[in-house]
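J.: Questions regarding the structure given below will be posed in turn.
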Amino acid sequence: MTTFPTDFLWGASTSAYQVEGAWNEDGKEPSVQDIREPFPNTTDFKVAADHYHRYKADVALFKEMGLKAYRFSIAWTRIMPYGKLNPRGIAFYNNLIDELLKNGIEPIPTVFHFDLPASVAEKGGWHNRQTIDEFVRYCQVLFDHFGDRITYWQTINEQNMLVLASKVLDGSNPSWKEVFQSNHHMLVAQAKVMKAYHEGQYGGKIGPAPNITCVYPKTEKPEDTMAAEYLSAFRNWLYLDAAVYGVYNHQAMQLLRALDAEPDVTDEDRQVMKENTADFIAFNYYNSMTAAASDNEEKEIKDQQSGFSLAGFFKTEVNDYLQSTEFSNWPIDPVGLRITANQLYTRYRLPLLITENGLGQEDRKTEEDNIHDSYRINYLAEHVKQLKLAIDDGVEFIGYCPWSALDLISTHEGFKKRYGFIYVNRDDEELKDLSRHKKDSFYWYQRLIEANGLMEEKQ
Ligand code: BG6
C-alpha cells in the first residue's frame, strides 16, 4: 500500500474575515462582510475569533497540533484600503508568515476569500472591469512583499460559489447576466495575476481554489447522466477549464447561452486566459451532488453545498445512500472525495491540494473545559481514509488542510456552527473571554499527523 508522501502538508484552514476580527483597526477598510446585516440568530464578523490580536498564541497551538501548513486568506482591505498601500496591513501578514515559518509551518495564503473592499463594491465590484486592474495591483503588492517566503499561492477562494451563491456569500443579488460578466472579469483577473506571478519568478506555484463536488446521476437513465454532466460543467468545470486550459467549457457555455448570460469577452481576454494558467489545483470538498433530468422547474441555490435546478438542464436530487450533516442538511460522502480527486486528476493532471473539508456542528464545552467532538473525528477520519485511497489510485497530492484550524464564524450560520480543532470561547450572543481550548479532534489530528496519516487504530 502506498503511504502519504514524506513531505505531505498536513494543515488546516481559515479565512481572514471569518477569523481575524479587528475589522476597522490599523488602517483597515471595511469589506462587504463587515458592513452587511448579520443573518438571523447569528453575529457580525467584527470580532470573529480575534485571531488578529492572538495570532502568536494561535500559531503556538498549531505547532503543538503538529500542523505542517496553515492555509489562511489575506484581507485585501488591510493591504490596500481605498486603493492605497497600508504598511500596517503588510506588517500584520509579514509577522504572521514569519511566525508560521519560525514554527515550521508552511504559510499557504489565498489572496481573496469573499471579502471585497466596500469601496470596490460601491464602484460595481467584479461587474466593473476596472476591478481587474485593482486586483492585479493588490496581488502584485502581495507577491513583492511576501513572495520570497511563499511556495503555494491560491488566487480566489470558491469563485464558483461566490458567483452561484452570491446572495449568501457576499450579500449581492445579481441577475445571471451580471453574474457571468463578473465571473468573466474574475477569470481574466486571475489569469493576469498568474501572469504577473510567473513573470516575477518568485519561485513558488499559483492556482485557483474552487469548491468541487463530483455529481452522480440519480439513475442509469441516460438523461440523468446528461443532467449530471451539465451540473458538473456549470458548477465545477467552467471555472477550472478556464484556470487550467484557459478556455470556457463548452457545456457551460451552452448553459450560459440558454440563460442569456454569455459574457462579453474581448480577444485580449481570450489571449491572456489562454497564455496564463495554473500550476496546481487547490479545492474545497464538503460533499457530492446527485442530479436527474430536468422537470423544467427552477430551484434556487440556498448555499455553497445545497442543490439547485436549471430548467431544461438538470435538477438536483437527494442521494438515498448518504447521511447528512445536522446543520444545513449537507450530504456526507467521503468516497465522493476519492471520486472527485480522481476526476480532477484525470481531467487536469496537476497536483492537488485540499484546502477545505470539515464538519460544522455545535460543540459543548464541559465544566472541565473538554470538548468531546467524536462526530468531527469520524467525519475527518473517513475522509482521510478516502484521501489515502486516492493516493493509492495514483492521484498526486500536495496536502490536506481541513476547515478549520480554530472555531470561526460560518459564512451564514454564525459562531454556533463550529468547525475548528480548537474551541474558541464565545458564542453568537456573548463574546466571553475568547479563550482557546483543545478539542478531542485536536489530539486526534495531532496523532494522525505524527503517524503521517497511517494511524490504524480505531479513529
Ligand atoms: C466554504 C467557504 O464554502 O465553506 C468557507 O470557503 C466556509 O468560507 C465553509 O466557512 C463552510 O461553510 P459555512 O457556510 O458552514 O461557513
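J.: Around I332, which amide H atoms from residues at least 5 apart in sequence, or from another chain, sit under 5 Å from its own amide H, with H modelled in the peptide plane?
T.: Placed amide hydrogens put Q323, S324, T325 under 5 Å from I332.
J.: What stretch of the chain, leaving out the sites themselves, is the longest with no GluC sites (Glu not before Pro) in a DSSP loop having at most 10 other Cβ atoms within 10 Å? Mind showing how you got there, number by number?
T.: Details: sites that count: E220, E297, E300, E367, E368, E430, E456, E457.
Between exposed loop sites, the widest span is 1-219.
J.: Hey, with R₀ at 30 Å, roughly what FRET efficiency would R129 and K274 work out to, going by the Cβ-Cβ distance, to 0.05? Please report the intermediate quantities before stating the final value.
T.: Numbers: r = 19 Å, r/R0 = 0.63.
After rounding to 0.05, the efficiency reads 0.95.
J.: Mind scanning K68/K438; K167/K388; K46/K432; K56/K167; K28/K205; K28/K439 and naming the pairs with a C-alpha gap bigger than 24 Å?
T.: Details: K68/K438 18 Å; K167/K388 36 Å; K46/K432 15 Å; K56/K167 34 Å; K28/K205 28 Å; K28/K439 32 Å.
In this structure, K167/K388; K56/K167; K28/K205; K28/K439 exceed 24 Å between Cα atoms.
J.: Moving on to the next point. Starting with the fewest neighbours, write out C139, C401, C214 ranked by other beta-carbon atoms found within 10 Å of each beta-carbon. Walk me through the numbers on the way to the answer.
T.: Values: C139 26, C401 29, C214 23.
The fewest-first ordering by Cβ neighbours comes to C214, C139, C401.
J.: Relative to a virtual label point 7 Å from the Cα of T6 in the Cα→beta-carbon direction, which members of region 418-459 show backbone nitrogen distances below 17 Å?
T.: From region 418-459, the list is 450-454.
J.: Would you mind pulling out the separation of the Cα centroids of region 43-93 and region 301-373, in Å?
T.: 26
J.: List the lysines whose alpha-carbon lies under 19 Å from that of K315, not counting same-chain residues fewer than 8 positions away?
T.: By straight Cα distance, K315 reaches K218, K221, K299, K302.
J.: Out of all DSSP beta bridges in region 9-458, what portion is antiparallel? Express it as a percent rounded to 5.
T.: Working: 11 of 40 bridges.
Counting DSSP beta bridges with both partners in region 9-458, the antiparallel share is about 30 percent.
J.: Further, regarding this structure: Can you compute the helix-only [θ] at 222 nm over the chain? Use -39500 (n - 2.57) per DSSP H run of at least 4 residues, normalise by all residues, nearest 500 deg cm²/dmol. Could the numbers behind the result be given before it?
T.: Working: 16 runs with 175 residues, N = 459.
Only helices count here, giving -11500 deg cm²/dmol.
J.: Another question, then. Would you please give the residues with an amide H less than 5 Å from that of R418, counting only those at least 5 places away or on a separate chain, with H modeled from the backbone geometry?
T.: Here the answer is Q361, E362, D363, since their amide H atoms fall under 5 Å of that of R418.
J.: Quick check on the exposure proxy: order H250, H51, H437 from fewest to most C-beta atoms within 10 angstrom.
T.: On the way: H250 10, H51 24, H437 19.
With the fewest neighbours first, H250, H51, H437 line up as H250, H437, H51.
J.: Based on the Cβ-Cβ distance of A57 and Q254, what FRET efficiency does E = 1/(1 + (r/R0)^6) give at R0 = 45 Å, to the nearest 0.05?
T.: Working: r = 52 Å, r/R0 = 1.15.
After rounding, the FRET efficiency stands at 0.30.
J.: Still on this structure: Report, by chain and number, residues whose modeled amide H sits under 5 Å from the one on L353, excluding near sequence neighbours (fewer than 5 apart, same chain).
T.: I281, A282, F283, I398
J.: Take D279, D224, D148 and order them by how many other Cβ atoms sit within 10 Å, fewest up front. Present the calculation step by step, with values, prior to reporting the outcome.
T.: Values: D279 16, D224 20, D148 11.
The order, fewest Cβ neighbours first, is D148, D279, D224.
Every number here is computed from the coordinates shown, using simple stated rules; none is lab data. Everything numeric in this text was worked out from a predicted model, so none of it was measured. Please note: Cβ atoms are built from the backbone with ideal geometry, for glycine as well, and neighbour counts cover all protein chains shown.
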